[in-house]
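The values are calculated or read from the model by the stated rules, or taken from the named source; none is laboratory data. All of these numbers come straight from a predicted model, not from anything done at the bench. Cβ: placed from backbone, ideal geometry, glycine included. Neighbour counts: every protein chain shown. These accessible areas exclude ligands, DNA and RNA; they are computed on the full protein's heavy atoms, side chains included. Shrake-Rupley method; radii C 1.70, N 1.55, O 1.52, S 1.80 Å.
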Amino acid sequence: MLEFLLCSLVTILPDYLFRRYAQGKRWGQDITFQSMWYELRWGIVSCFVLTVSLITMIFYYHPSTTHVSSFYRTLTILPESGGRVSEIYVDNRQHVEQGQPLFKLDDSSQQAAVITARKALGEIAAEEAVLSAELEAAEGLMRQAEGSLQQAIDELETNKELADRNSGIVGEREIERLELSVASRQGALDTAVANRDAVAVTLLQLIEAKRESAQARLDEALIALEKTTIYAGESGLLQQFALKVGDYVNPVLRPAGLLVPDTLGPTEFQAGFDQVNDQIFEVGMPAEISCISKPFTVVPMVVADIQEVIPAGQFRPTDQLTDIQDRARPGTVTIILEPLYAGGADGIKPGSKCIANAYTSNHDRIAHGDLGGGQKLFLHMVDTVGVVHAVILRIQTLLLPVQRLVFSGH
């Protein structure tokens with residue numbers, strides 16, 4: 001309507017003034033509702049063409065959208081494994097600090113696993129004591145075998161010495177018997193050493209490996225026991241936290257509630273513009289938004305980033321081929337807007353519904369570009385008609401509370 005009124009000032013109005021004062025035709029006599037089309041046909045046609053052209057130019061070079069919001073992430077309160085609630089430490093809508101316990105699941109099975117792991121460690125300690133005693137016994141047998149071997153060696157050497165002095169005193173069979181005795185006792189010593197080494201290896205390596213394995217099972221059981229108490233991952237406000245003792249909580253199907261963090265992230269707004277305007281967007285482009293949660297306020301913004309893909313084109317691999325005709329909506333270009341001034345978005349609640357305008361600015365291009373007169377005139381005209389869209393946004397901002405409160409039917 002605003003564009004039509006502006007266009008009629010330079011089309012229908014001059015046509016009427018020409019008919020009235022140049023041709024002498026009067027309203028109500030020569031110009032009536034029945035003859036209006038014939039009398040003002042040039043002005044009406046020119047007004048229609050100019051209005052359509054102006055609206056097209058405004059909405060192309062200065063696009064607008066009603067799909068604007070600031071998204072934020074909530075934390076789902078979930079245990080790592082399912083279980084029944086045994087204790088609850090907080091209430092719904094309570095502010096909690098990071099690391100504060102929220103609720104506890106039944107831990108009887110985890111307690112039993114901890115006890116079993118600790119008993120396994122006790123069994124290993126007892127087995128270690130038994131093996132230590134066996135090691136001492138094996139070392140005793142080894143020393144005994146060493147003594148017997150040394151005695152046999154000394155006796156053999158003595159008899160050999162006597163035989164060398166007087167061959168008649170010690171016989172050949174006695175020497176052979178003593179040599180066999182030395183070999184036999186050497187074998188007994190080797191057996192004792194091997195037995196001692198086997199016990200030592202079992203004590204030093206096998207028992208240590210068993211102890212480490214049992215300690216790992218105990219640590220795993222203690223971690224599982226600790227996980228039965230659910231803590232707050234961040235400081236924030238609990239929402240939809242309606243647990244009761246005895247409720248079953250499952251990490252897949254049954255969450256315990258939501259946590260809205262105190263820090264919701266950077267102040268930015270995501271706007272979805274029509275794809276036809278994609279070519280005119282650029283980082284640093286000026287924009288404005290007006291939000292329902294902060295009426296009668298227009299916030300200056302700037303384009304901070306442009307998403308390189310259109311969300312409507314994404315797909316997830318399934319067992320069926322994607323049919324293009326199932327994509328009914330063409331999708332929008334996602335533009336990231338940030339306040340032009342620090343604190344400009346204060347008072348706008350995260351998730352608020354907003355409307356936005358983006359404005360094409362050709363000032364630098366006109367000032368520094370090597371353009372012709374016609375190009376400069378066209379770019380000046382493009383920048384000028386942006387005022388119309390800015391006025392429309394402010395009219396929408398003024399009428400938004402009335403529309404929402406009076407004419408929406410809520």
| Cα axis of helix 41-61 to longest principal axis of the chain: angle in degrees, 0 to 90, nearest 10? | 20 degrees
| Pairwise label distance in nanometres, Arg73 with Gln270, each label 7 Å out on the Cα-Cβ vector | 1.2 nm
| task | Report relative contact order for the stretch 202-261 in percent, whole number only (criteria: Cα-Cα under 8 Å, sequence separation at least 6). | result | 31 percent
| task | Please give the net charge around Cys291, taking every other residue with its beta carbon less than 9 angstrom from that of Cys291, where Lys and Arg add +1 and Asp and Glu add -1. | result | +3
| GNM flexibility winner over the chain from Ser81, Ser361, Ser132 (Cα, springs under 10 Å) | Ser132
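Show that you can apply the helix-only estimate: for the chain, add -39,500 (n - 2.57) for every DSSP H stretch of four or more residues, divide by all residues, and state [θ] at 222 nm to the nearest 500.
-15500 deg cm²/dmol
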| note | With Val85 itself left out, Lys, Arg at +1 and Asp, Glu at -1 over residues whose Cβ is under 9 Å from its Cβ give 0
| task | Would you check the accessible area of Thr191, probe 1.4 Å, heavy atoms only, in square angstrom rounded to 10? | result | 90 Å²
| field | Spatially proximal lysines relative to Lys294 (Cα-Cα < 29 Å; intrachain offsets below 8 disregarded) | value | Lys349, Lys353
| said: If I model a spin label as a point 7 Å beyond the Cα along the Cα-Cβ vector, how far apart are those points for Ser108 and Ile223 in nm? | reply: 2.6 nm
| said: Tell me the relative contact order for the chain as a rounded percent, counting alpha carbon contacts under 8 Å between residues six or more apart. | reply: 24 percent
| said: At 1.4 Å probe size, what's the solvent-accessible area of Lys353? Round to the nearest 10 Å². | reply: 100 Å²
| With all protein chains present, how much of the accessible area of the chain (probe radius 1.4 Å) comes from carbon and sulfur, to the nearest whole percent? | 57 percent
| field | Choice from Pro255, Pro330, Pro300 showing the highest fluctuation, given a GNM over the chain with Cα pairs closer than 10 Å | value | Pro330
| For the stretch 1-86, what is the relative contact order in percent, using Cα pairs closer than 8 Å and at least 6 residues apart in sequence? | 35 percent
| said: Going Cα to Cα from Lys119, which aspartates and glutamates come in below 15 Å? Please leave out same-chain ones fewer than 8 positions away. | reply: Glu127, Glu128, Glu212, Asp219, Glu220
| request: Please identify the longest segment of the chain free of exposed GluC sites (Glu not before Pro), where exposed means a DSSP state other than H, G, I, E or B and no more than 14 other Cβ atoms within 10 Å. | output: 98-233
| message | At 1.4 Å probe radius, can you tell me the per residue accessible area of the chain in Å²? | response | 63 Å²
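Grab the other residues whose beta carbon is less than 15 angstrom from that of His389, score K and R as +1, D and E as -1, and report the net.
Once all neighbours under 15 Å are counted, the net charge is -3.
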| field | Most mobile listed residue (Asp370, Asp346, Asp383) in the chain, GNM with C-alpha springs under 10 Å | value | Asp370
| note | If the label point sits 7 Å along Cα→Cβ of Asp305, residues of the stretch 256-286 with amide N under 16 Å come out as 264-272, 282-285
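What is the extension gain from Ala126 to Val406, computed as 0.36 nm multiplied by their sequence separation minus the C-alpha to C-alpha distance, in nm to one decimal?
Length difference between fully extended and current span is 92.5 nm.
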| request: Please list, or write none, the aspartates and glutamates whose alpha carbon is within less than 14 Å of the alpha carbon of Lys104, excluding same-chain residues fewer than 8 places away. | output: Glu80, Glu87, Asp91, Glu226, Asp247
